[in-house]
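Here's the structure we're looking at; comments come further down.
The values are calculated or read from the model by the stated rules, or taken from the named source; none is laboratory data. Being a predicted model, the structure only gives us computed values, none of them experimental. Using ideal geometry, Cβ is built from the backbone for each residue, glycine included, and neighbour counts are taken over all protein chains shown. Surface accessibility is based on the protein's heavy atoms, side chains included, excluding ligands, DNA and RNA. Shrake-Rupley method; radii C 1.70, N 1.55, O 1.52, S 1.80 Å.
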Amino acid sequence: MNILNKRSFKETQSRILILGEINEENTNNVIADILDINDIDKKIKREKREPIQLILSSGGGEIYRGLGLIDVILNSETPIHTICYGLAMSMAFIILVAGHNRTISKRSTLMYHEGGFDLGIVKLTGHKFELNELERIEKICDNLVLERTKINIRQLKHIKKQQKEWYIKPDEALKLGIVDKII
């Protein structure tokens, strides 16, 4: 049993995982469950594995934690179905996009936006470092969206040029290939 995981998969026997705020504890728990399920499924052919359902109801959170979870999702031999109930905003939007199969409930909202950083650093070199890192992370997130949806670079640049959050309704998400179905 994984010490980091308070709600151990082996105890619950559930393939339904829930992610709210994207922080260290929550992402570590979900990652541990996904790895446990993959370990249990290792003798089953990929196409015969019962999918993991990752329920997202999140306003976002820590970018690096989210990217770690995305790598686990993309590398999971057991399919992971991401399902948005309520909201998947900011980093949660990127996690939704990473799913092997993606669903949104009919009253949910998605939101994507440019990243930001804390201006608490006083020295110019600190700001330059933070800006370079933010641009690197932004490129990773944008590339994932461009690779896994029907959104094109022109649409993405247009939204960013407006410097606003991009709120996306379920019907638009389906049209843009962000999700595979609406429930």
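Against the criterion of being among the β-branched types (Val, Ile, Thr) and buried (at least 18 other Cβ atoms within 10 Å of the Cβ), Ile137 does not qualify.
Every test in (1) in a strand (DSSP E or B); (2) buried (at least 16 other Cβ atoms within 10 Å of the Cβ); (3) out of contact with any Asp or Glu (no Cβ under 6 Å at 6 or more places or on another chain) is passed by Tyr167 save one, and that test is (2).
Starting from residues that are of a type in the set (Asp, Glu) and within 29 Å of Lys106 (Cα to Cα), keep the ones in the stretch 26-76 and report whichever is least open to solvent (accessible area, probe 1.4 Å). Checking each candidate, the answer is Asp33.
Of all residues in the stretch 140-164, those being in contact with a helix residue (DSSP H, G or I) (Cβ under 8 Å, 6 or more places away or on another chain) and either among the hydroxyl-bearing types (Ser, Thr, Tyr) or open to solvent by 30 Å² or more (accessible area, probe 1.4 Å) (or both) number 7.
Look at the stretch 171-183: where a residue is surrounded by 13 or more Cβ atoms within 10 Å (Cβ to Cβ) and a partner is part of a helix (DSSP H, G or I), sitting 6+ places away or on another chain with Cβ atoms under 6 Å, you get Val179/Ala173; Ile182/Pro170; Ile182/Leu174. Taking Leu119 as the residue in question, decide whether it is of a type in the set (A, V, I, L, M), at pLDDT 95 or above and either out of contact with any Cys (no Cβ under 9 Å at 6 or more places or on another chain) or buried (at least 18 other Cβ atoms within 10 Å of the Cβ) (or both). Judged against the criteria, Leu119 is not a match. Beta carbons closer than 6 Å, at least 6 apart along the sequence or on distinct chains, pair a first residue in the stretch 26-39 that is within 19 Å of Gly59 (Cα to Cα) with a second that is open to solvent by 40 Å² or more (accessible area, probe 1.4 Å) and of a type in the set (A, V, I, L, M, F, W, C) for Asn28/Leu4.
Of the strands (runs of 3 or more DSSP E) that lie entirely inside the stretch 22-113, those containing 1 or more residues that are touching a Gly at 6+ places or on another chain (Cβ under 7 Å) span 52-58, 80-89.
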